[in-house]
């Protein structure tokens, strides 16, 4: 018997997806991150029950942190994106978490900067709040050791490729790290949206990009670029099409990042079928019904979608580009460093 619902829903379903791939299908993956981080902070005495934990979120981490706080008797305050929907707002309220959403923004960069600035204001107003720093504190790697152990148990021995959203870096980066520490041959393939600075795609915008959780307009310290072997940039139309095709082929109803990871998995397997491919479905598809799944009649067929292979971030283009990482030369544009300065000045 589980002591709390957070433990019950965190473990993924391990599902075979033809041809020759494995899907880790989570209800909400970041529960691993939040539970592991809060446990560590409690065990090391950095926080005590009753303290208020605060962070920024576009939705999934907000739910995870609220559940972790409920599990361990903490208070929770979320500075949320406008993408936090009514279903989640109601759950947060009943769980005892407080939510404030920043004003609507025309792009991801402004939305994230507004949230970071509000966090800085809160810490000045309430210095007793503990900022979880999900984007920057490596304690968010800790919880994913359990996922790596699960992969070791469920996936046959031999080389594998792990495919999933880069996001804050803590999920795919951590799982690959723990698998490699266990001696597994792991090729790590990261998924990014266009417009994200994390791997140098901020110069290629995607007006319809609503998968903010897998990219960033500000640098994330938890993203360790040296862990990744390949990067795929997928736009909204193709991510939606991939999610529709994943549902059609396997019955797995997952978010847009899973659709992009499914496409990347199929493309990578065409290049090298000697590995077992494990791709991540980090959340369910429910919050994407109106914005994506309702347009399934316009989805592209799998046979029509292929990545544009590039060797430089300067050559990235819609709808789907892919590249070995690191690139042959230092190709990251200057705006990533500019964003680092912005973030440091904001939280000072």
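Laboratory data are not the source of any read-out in this text; all were calculated from the coordinates shown. Computed from a predicted model, the values in this text were never measured in an experiment. Neighbour counts run over all protein chains shown; Cβ positions are idealised from the backbone, glycine included.
With only Cα atoms counted, segment 204-321 has Rg and Dmax values of 14.2, 39 Å.
Over segment 31-138, what relative contact order in percent results from Cα pairs under 8 Å that are six or more residues apart?
Values: 149 pairs, mean separation 30.5, N = 108.
So the answer I get is 28 percent.
Over segment 193-256, the pair-distance histogram of Cα-Cα distances with 10 Å bins from zero comes to 20, 44, 30, 6 percent, rounded to whole numbers.
In segment 154-197, Cα pairs under 8 Å separated by at least six residues give a relative contact order of 48 percent. Once the Cα atoms of helix 60-72 and of the chain are each reduced to a long axis, what angle between those two axes, in degrees from 0 to 90 to the nearest 10, is obtained? For helix 60-72, the angle is close to 50 degrees.
Compute the angle between helix 256-271 and the longest alpha-carbon principal axis of the chain, please, reported from 0 to 90 degrees and rounded to the nearest 10. Approximately 30 degrees, to the nearest 10.
Taking the number of Cβ atoms within 10 Å of each Cβ as an exposure proxy, the fewest-first ranking of 52, 44 is 44, 52.
Plainly put, the chain has a radius of gyration that is 0.94 times its Kirkwood radius, both from alpha-carbon atoms, as the Rg/Rh ratio.
On a full-extension model of 0.36 nm per residue, what is the gain between residue 123 and residue 103, subtracting their alpha-carbon distance, rounded to one decimal in nm? Intermediate results must be reported in sequence, preceding the final value.
Working: separation 20, 0.36 × 20 = 7.20 nm, distance 1.94 nm.
Full-extension gain reported as 5.3 nm.
Could you tell me what percent of the DSSP beta bridges with both partners in segment 31-138 are antiparallel, to the nearest 5?
Details: 0 of 12 bridges.
Percent antiparallel among DSSP bridges in segment 31-138 is about 0.
When the helices of the chain are scored as -39500 (n - 2.57) per DSSP H run of n ≥ 4 and the total is divided over every residue, the value at 222 nm lands at -11500 deg cm²/dmol.
Return the single residue from 326, 207, 127 with maximal mean-square fluctuation; model: Gaussian network over the chain, springs between Cα atoms under 10 Å. So, out of 326, 207, 127, the one fluctuating most is 127.
Measuring nothing but alpha carbons in segment 149-225 and taking Rh as the Kirkwood radius, the Rg to Rh ratio lands at 1.05. Put the Cα centre of segment 74-107 next to the Cα centre of segment 119-190 and the gap is 23 Å. Enter the angle in degrees (range 0 to 90, nearest 10) between the Cα long axis of helix 86-95 and the first principal axis of the Cα atoms of the chain, meaning the one along which they spread out most. With rounding to tens, the tilt is 40 degrees.
With N counted as the residues of segment 273-331, its alpha-carbon radius of gyration over 2.2 N^0.38 Å works out to 1.52.
Using only alpha carbon pairs under 8 Å that are at least six residues apart, calculate the relative contact order of the chain and give it in whole percent. Averaging sequence separation for qualifying contacts and normalising by length gives 18 percent for the chain. Can you give me the Rg/Rh ratio for segment 31-138, using Cα atoms for both radii and the Kirkwood formula for Rh? Rounded to two decimals, Rg/Rh equals 0.95.
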